[in-house]
Amino acid sequence: MSGFQLLQSSDAEPPLPARFECYLFNEPRHLRGQSAAGATTFFVVNSETSTTEARLSLFVRDSEALSPLRATFGGIEAATDVPDEALDALLDGVEKWAISQKLSAIRLTQWPFAYAPELAIRIGHRLKAGGYHLIFTEKNQHLDLTRELPLHDSARRRFGKAEGAGFVFQLWENPDWETTHAFVQAARTRKGLPLSLTALELRRLGENFPEELFVFTVRDGTTLAALGVVIRLNARILYHFLPADAGEYLSFSPTIFLNLNLADWARQRGYGLLDLGISTHHGVPNEGLLRFKANLGAEVSGKTSFIKPLEGRPAELVSASSPRPTSDLIPGK
């Protein structure tokens, strides 16, 4: 691995300029919010070019190394042309560290393939070659903002219905986080879905990431018909992670109005991808959700979770029926 070195640190800030695309969930300020105990981060650096080529941060919980602990993904970030031998050295170093900590397994959830398709495939190959087992692949859906969205006729009609009714889309400046949480909670309860974030956690998230967290609303006069909490992962990608609507407005499909206006807002500001999140649960599809997003013009890509058993733990114990618990997001402290 000529020219490359593996470094270990309690600080996730790259020691040399990063030559890879960074995502908020792997940045130091977000990692600090996932656990007060902090994470251990491994870097691949190129001493010849004085750049950081790859990064992986891991938390320890219940005798396992996890990436992430509380976020929708963590995993390996890397330069698109980093050599395979450098990725292999990263995985080897992580494994030796985990064994030295007497851990039983390493679990990684990677970012969606759509973010960097060729790199995602290559990292998946290196993980499998390094003895990692695929737990499941989620179907993640996104809007490609670099081209015209292939809207289904039904989505176009419902957008027109909301627009004709005088609904207004806008960015909520200085949002009321308790109102936002209560609205999302009511929508989740109506649909039989859990919400892992408390009102306090959502407020802290907004307070600690004021430049990255947005709330967009669809209003009928002064009445909320829909809203969405959106997080800026970097200058290219937005993630719409908490959409919600009011039950009395379902005939207007206000979330269609919300998402399509959000796509326009993001495109005008130079974003290239709007991540709409997964439409499966541990690999099991939600056909209605898949169809809803597809009607908006969304494309599907994979989002993979892997495990590496350590200390002779049999691979048969690894199954999709006992995946690492996840959450929507956790605020920084």
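Numerical summary
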item	result
Chain lengthening between residue 281 and residue 5 when straightened (0.36 nm per residue, less Cα-Cα)	95.6 nm
Helix-only mean residue ellipticity at 222 nm for the chain, each DSSP H run of n ≥ 4 adding -39500 (n - 2.57), per residue, nearest 500	-9000 deg cm²/dmol
Dimensionless Rg over Rh [the range 62-198; C-alpha; Kirkwood]	1.09
The chain: angle of helix 153-164 to the longest principal axis, Cα-based, in degrees nearest 10	60 degrees
Overall form of the range 147-271 per C-alpha gyration tensor (a/c, 1.5; a/b vs b/c)	oblate
Cβ-based charge dipole, the range 233-288, positive-most Cα from 278, 257, 239	239
With Cα atoms, 0 to 90° folded angle of helix 177-191 axis to the chain main axis	90 degrees
Charge dipole magnitude, Cβ of K and R +1, D and E -1 - the range 147-271, Cα centre, debye nearest 20	420 debye
Relative packing of peptides 143-156, 13-26 - highest average C-beta neighbours within 10 Å first	13-26, 143-156
Listed pairs 128/303; 96/303; 191/303 exceeding 20 Å between Cα atoms	96/303; 191/303
Anchor residue 161: aspartates and glutamates whose Cα lies under 13 Å away (excluding residues fewer than 8 positions away in-chain)	153, 220
Size of the chain as Cα extents on the principal axes (Å, biggest first)	63, 40, 35
Of the GluC sites (Glu not before Pro) in the range 25-105, those whose Cβ has at most 13 other Cβ within 10 Å and which sit in DSSP loop	48
Nonlocal amide H pairs with residue 286, under 5 Å, H built at 1.01 Å	280, 281
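Bear in mind that the values in this text are calculations on the coordinates, not laboratory data. Quantities reported herein were computed from a predicted structural model and do not represent experimental measurements. When we count neighbours, we look across all protein chains shown, and the Cβ atoms used for this are built from the backbone with ideal geometry, even at glycine.
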